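A.B. asks: Take a look at this one; I'll ask things after.
The values are calculated or read from the model by the stated rules, or taken from the named source; none is laboratory data. Predicted model only: the values in this text are computed from it and were never measured. Every residue, glycine as well, gets a Cβ built from its backbone with ideal geometry; the counts of neighbours run over all protein chains shown.
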Amino acid sequence: MNKKKIAFGKISVNFAQNAKVIESTDTIEKFGPKVIETLEEDDTESQQMKDVMGISSFGKKAKSFDVQAMVEQVKKTAREITKPAAIDPKSTNEEESSQSSDDEDDFIGPPIPKEILEAQETKEDTTKTTKAGKSNDDDDEEASSDDEEDDKETFIPCSHEVSMVHGSKAVTAMSCDPSGARLASGSVDYEVSFWDFAGMDSSMRSFRTLQPCDNHPIRSLHYSGTGDLLLVVSGAAQAKVIDRDGFEKLETVKGDMYLSDQARTLGHTSSLLAGAWSPVSREEFLTTSSDGTARSWDIYKGGKAHKELIKCRAQNGLKTAPTACCYNRDGRVFGFGCADGSLQLWDLRRSTVSPSSLCRNAHQPVEITSICYSHVGEHLVTRSMDDTMKLWDLRYFKKSINEVKDLFSRYDMTDAIFSPDDRMVVTCTSLKKGEKTGYLLLYDSGTFQLRRKLEVGNSHVIKTIWHPKLNQIFVGTGNGIVKCFYDEKRSMRGATLCAAKTQRKVQHTEVISTQQVITPHALPLFRQERRKTSRKQMEKDRLDPLKSKRPDLPITSGQGGRVASSGGTLSSFVIRNLGLSKRVDDDQDPREAILKYAKEAEENPYWITPAYSKSQPKNAPKKDEDEPESKKQKQ
């Protein structure tokens with residue numbers, strides 16, 4: 001077959017009208033200026049191509065395209081996509097001029113160039129800044145928006161509140177389980193109340209109340225990490241662990257109070273002061289006592305002996321009572337606030353003889369009421385009876401970072417806690433003489449500036465809990481009321497479940513009382529038996545051997561395993577065996593047996609008659625009964 005040479009013709013848009021036929025030649029023509037010249041000559045074709053594709057020709061001159069046409073086309077497509085409300089003509093002119101001044105790039109297609117978008121953003125920013133600098137109202141709006149952002153960061157759920165009545169005395173202990181389903185409250189009236197939010201209605205009544213520690217006030221309550229066990233610390237020397245329904249699971253042993261060395265006793269010898277549950281272990285909990293010791297316990301040992309023992313010492317070497325305690329977030333360090341005003345941190349991985357960190361003059365030598373680690377674990381907040389609250393950095397434990405004074409506290413269980421995000425520190429105050437309102441105070445954890453002051457009621461405020469899942473604040477007061485602060489939008493479950501529930505009405509069963517008709521002459525089947533008198537009933541019971549408890553009757557011969565009384569006595573047995581006399585018949589009447597010898601005794605007296613023969617009076621002669629009554633002497 002003959003191979004033909006390839007020939008090229010002229011490229012055109014409308015091939016039917018503008019195409020010219022080029023005769024084929026034997027030699028291959030080269031690409032070069034000839035083709036370009038022919039393309040430049042045809043202006044109509046280049047114009048059509050420019051309208052359609054935006055380029056005038058192929059080759060090196062493809063870079064030289066009309067930028068203005070491209071910008072207009074891009075604007076049209078952008079307007080169709082975004083459809084803005086209005087576009088300033090000034091901004092469009094400025095954009096066109098800036099676009100024309102930019103460098104040319106190899107670009108073909110409809111997307112918007114980056115330079116145009118960047119220029120528009122910079123111009124919008126400059127116009128905003130100039131307008132904001134001219135007007136003062138805009139500055140105020142920006143400041144208010146910043147304040148709103150700060151409020152969002154440190155949000156306080158306090159738009160609504162509900163009250164739960166525990167009793168008439170001060171609520172000194174509270175604890176909420178990790179899931180937020182139940183709340184336990186304890187008081188100085190020896191009672192512990194359980195509150196189930198899912199089962200309560202708007203009446204806010206506890207579903208169970210008990211006295212787990214007899215007549216001892218409740219000082220501390222703590223749920224375990226799983227929420228199935230509750231630690232009860234009271235004024236007794238023995239702590240108790242109960243389940244969710246109030247049944248006792250464990251009671252710690254009491255130590256020997258006559259031993260001076262506390263290490264030789266198995267438990268506390270004096271009243272308990274505080275307690276805490278391990279945040280990482282379900283089996284371990286901690287208790288402190290006024291005997292100067294703190295002991296950790298394991299529930300699998302049954303409370304028969306402590307697991308670890310810590311002796312807190314004052315500066316003079318004598319024992320001091322740890323009045324507040326807590327675990328750190330990983331459960332490895334014990335924190336104690338003592339009655340001498342010192343803070344002691346014990347790491348059992350290092351030593352049990354001396355604390356790992358110590359600050360002797362943390363507070364004045366009075367009881368420390370609360371000690372709490374932050375959620376991050378780098379800070380520590382303490383509350384004391386010297387009316388102060390202090391923030392400590394664990395990396396520099398010699399001096400407090402911040403301090404708040406004039407916080408009056410009447411109870412040695414007053415709380416100080418961190419908010420769930422560690423941005424705020426929450427504490428409460430008691431009523432001074434002449435005051436009528438107790439407050440819940442919220443401070444910024446960084447600067448210790450007062451952020452919020454909530455009025456709780458006309459009583460002391462003692463305990464507080466800020467639950468992280470519920471985003472609700474529970475407060476225990478001195479008049480026996482537990483208050484809950486929450487927000488309808490940002491708080492979940494908890495009190496929001498029962499606050500909107502209507503109180504259930506007790507459905508009384510309808511009972512129709514039938515009138516009783518007495519018919520004395522009715523049939524015996526329908527006749528009612530009247531109650532007999534007590535005398536007749538007693539006589540009837542007397543005849544019943546079971547009701548009258550009649551003793552067994554004597555028997556003549558053996559019956560039913562019983563032996564006859566004849567011959568069964570000791571005397572009859574001795575007489576029968578020794579042969580002193582004849583067989584004695586025990587069944588014979590004793591009177592008849594004696595009168596049997598009366599005739600023989602009269603005829604042959606031997607003992608009694610001869611003794612009274614001289615002094616015995618003679619019997620008077622019998623009178624005849626036939627004599628008339630007139631001759632008989634009057635007696």
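A.B. asks: In this structure, does Leu380 turn out to be in a strand (DSSP E or B) and surrounded by fewer than 22 Cβ atoms within 10 Å (Cβ to Cβ)?
C.D. replies: Details: in a strand (DSSP E or B): yes; surrounded by fewer than 22 Cβ atoms within 10 Å (Cβ to Cβ): no.
No.
A.B. asks: Let me ask you something else. Within the stretch 565-607, track down each residue that is assigned to a helix (DSSP H, G or I) and modelled with pLDDT of 75 or more. Break it down stepwise before answering.
C.D. replies: The initial filter retains those residues of the stretch 565-607 that are assigned to a helix (DSSP H, G or I), namely 570-578, 590-595, 598-603.
Scanning the stretch 565-607 gives Pro590, Arg591, Glu592, Ala593, Ile594, Leu595, Ala598, Lys599, Glu600, Ala601, Glu602, Glu603.
A.B. asks: Residue by residue through the stretch 383-404, note down the ones that are under 24 Å from Ser357 (Cβ atoms) and part of a loop (DSSP other than H, G, I, E, B). Before you say what the answer is, go through the steps one by one.
C.D. replies: Within the stretch 383-404, the subset under 24 Å from Ser357 (Cβ atoms) is 383-386, 388-404.
Met385, Asp386, Thr388, Leu394, Arg395, Phe397, Lys398, Lys399, Ser400, Ile401 - these are the residues of the stretch 383-404 that are under 24 Å from Ser357 (Cβ atoms) and part of a loop (DSSP other than H, G, I, E, B).
A.B. asks: Next question, about the same structure. I'd like to verify a number: residues in the stretch 254-302 that are over 20 Å from Ile371 (Cβ atoms), of a type in the set (A, V, I, L, M, F, W, C) and either buried (at least 17 other Cβ atoms within 10 Å of the Cβ) or not assigned by TED's automatic domain parsing to the domain that holds Arg313 (or both), how many?
C.D. replies: Number satisfying all stated conditions: 1.
A.B. asks: Taking the condition modelled with pLDDT under 95 and either in a loop (DSSP other than H, G, I, E, B) or of a type outside the set (S, T, N, Q) (or both), does Met200 pass?
C.D. replies: For Met200, the condition - modelled with pLDDT under 95 and either in a loop (DSSP other than H, G, I, E, B) or of a type outside the set (S, T, N, Q) (or both) - is met.
A.B. asks: Right, next: Among the residues in the stretch 485-494, are any buried (at least 21 other Cβ atoms within 10 Å of the Cβ), farther than 25 Å from Cys325 by Cβ, touching an Asp or Glu at 6+ places or on another chain (Cβ under 8 Å) and in the same structural domain as Tyr373 (by TED's automatic domain parsing)?
C.D. replies: yes
A.B. asks: Of all residues in the stretch 407-427, which are crowded, with 16+ Cβ neighbours inside 10 Å and either in contact with a Phe, Trp or Tyr (Cβ under 7 Å, 6 or more places away or on another chain) or farther than 24 Å from Pro468 by Cβ (or both)?
C.D. replies: Answer for the stretch 407-427, where residues must be crowded, with 16+ Cβ neighbours inside 10 Å and either in contact with a Phe, Trp or Tyr (Cβ under 7 Å, 6 or more places away or on another chain) or farther than 24 Å from Pro468 by Cβ (or both): Leu407, Ser409, Tyr411, Asp412, Ile417, Ser419, Met424, Val425, Val426.
A.B. asks: Might you let me know whether the stretch 192-206 holds any residue that is under 14 Å from Gly246 (Cβ atoms) and loosely packed, with under 14 Cβ neighbours inside 10 Å?
C.D. replies: Just the residues of the stretch 192-206 that are under 14 Å from Gly246 (Cβ atoms), to begin with: 192-196, 206.
Filter again for loosely packed, with under 14 Cβ neighbours inside 10 Å, leaving none.
Checking the stretch 192-206: not a single residue is under 14 Å from Gly246 (Cβ atoms) and loosely packed, with under 14 Cβ neighbours inside 10 Å.
A.B. asks: Moving on. For the stretch 432-452: of the residues being within 18 Å of Cys484 (Cβ to Cβ) and within 25 Å of the chain's Cα centre (by Cα), which is surrounded by the fewest Cβ atoms within 10 Å (Cβ to Cβ)? Before the answer, list the steps.
C.D. replies: Going through the stretch 432-452, the residues within 18 Å of Cys484 (Cβ to Cβ) turn out to be 438-442, 452.
Narrowing the set further to residues that are within 25 Å of the chain's Cα centre (by Cα) leaves 438-442.
On the way: Gly438: 23, Tyr439: 19, Leu440: 21, Leu441: 21, Leu442: 22.
Here the answer is Tyr439.
A.B. asks: Confirm whether Ile462 is among the hydrophobic types (A, V, I, L, M, F, W, C), in contact with an Asp or Glu (Cβ under 8 Å, 6 or more places away or on another chain), in the same structural domain as Ser370 (by TED's automatic domain parsing) and closer than 22 Å to Thr323 by Cα.
C.D. replies: Numbers: among the hydrophobic types (A, V, I, L, M, F, W, C): yes; in contact with an Asp or Glu (Cβ under 8 Å, 6 or more places away or on another chain): yes; in the same structural domain as Ser370 (by TED's automatic domain parsing): yes; closer than 22 Å to Thr323 by Cα: yes.
Judged against the criteria, Ile462 is a match.
A.B. asks: Condition first: without any contact (Cβ under 8 Å) to a residue 40 or more places away in the chain, of a type in the set (Ser, Thr, Tyr) and either in a strand (DSSP E or B) or under 18 Å from Val233 (Cβ atoms) (or both). Now tell me which residues in the stretch 252-264 satisfy that.
C.D. replies: Just the residues of the stretch 252-264 that are without any contact (Cβ under 8 Å) to a residue 40 or more places away in the chain, to begin with: 254-261, 264.
Add one more test, that the residue is of a type in the set (Ser, Thr, Tyr), and what stays is 258, 260.
None; the set is empty.
A.B. asks: Another question, if that's okay. How many residues are outside any strand (DSSP E or B), of a type in the set (A, V, I, L, M, F, W, C) and closer than 14 Å to Glu308 by Cα if we restrict to the stretch 327-349? Give the steps one after another, and end with the answer.
C.D. replies: Of the residues in the stretch 327-349, the ones outside any strand (DSSP E or B) are 328-332, 339-342, 348-349.
Then drop every residue that is not of a type in the set (A, V, I, L, M, F, W, C), which leaves 339, 348.
Next cut, closer than 14 Å to Glu308 by Cα only: 348.
Count: 1.
A.B. asks: Another question, if that's okay. Just checking, which of Thr369, Thr352 is in a loop (DSSP other than H, G, I, E, B) and of a type in the set (Ser, Thr, Tyr)? Outline the logic, then answer.
C.D. replies: Values: Thr369 fails: in a loop (DSSP other than H, G, I, E, B).
None of the others qualify; the one that does is Thr352.
A.B. asks: Sticking with this structure for a sec: Go through the stretch 204-245 and give me each residue that's basic (Lys, Arg) and either in a loop (DSSP other than H, G, I, E, B) or touching a Cys at 6+ places or on another chain (Cβ under 7 Å) (or both). If you could, list the steps in order and put the result at the bottom.
C.D. replies: So in the stretch 204-245, the residues basic (Lys, Arg) come out as 205, 208, 219, 240, 244.
Within the stretch 204-245, Arg205, Lys240, Arg244 meet the criteria.
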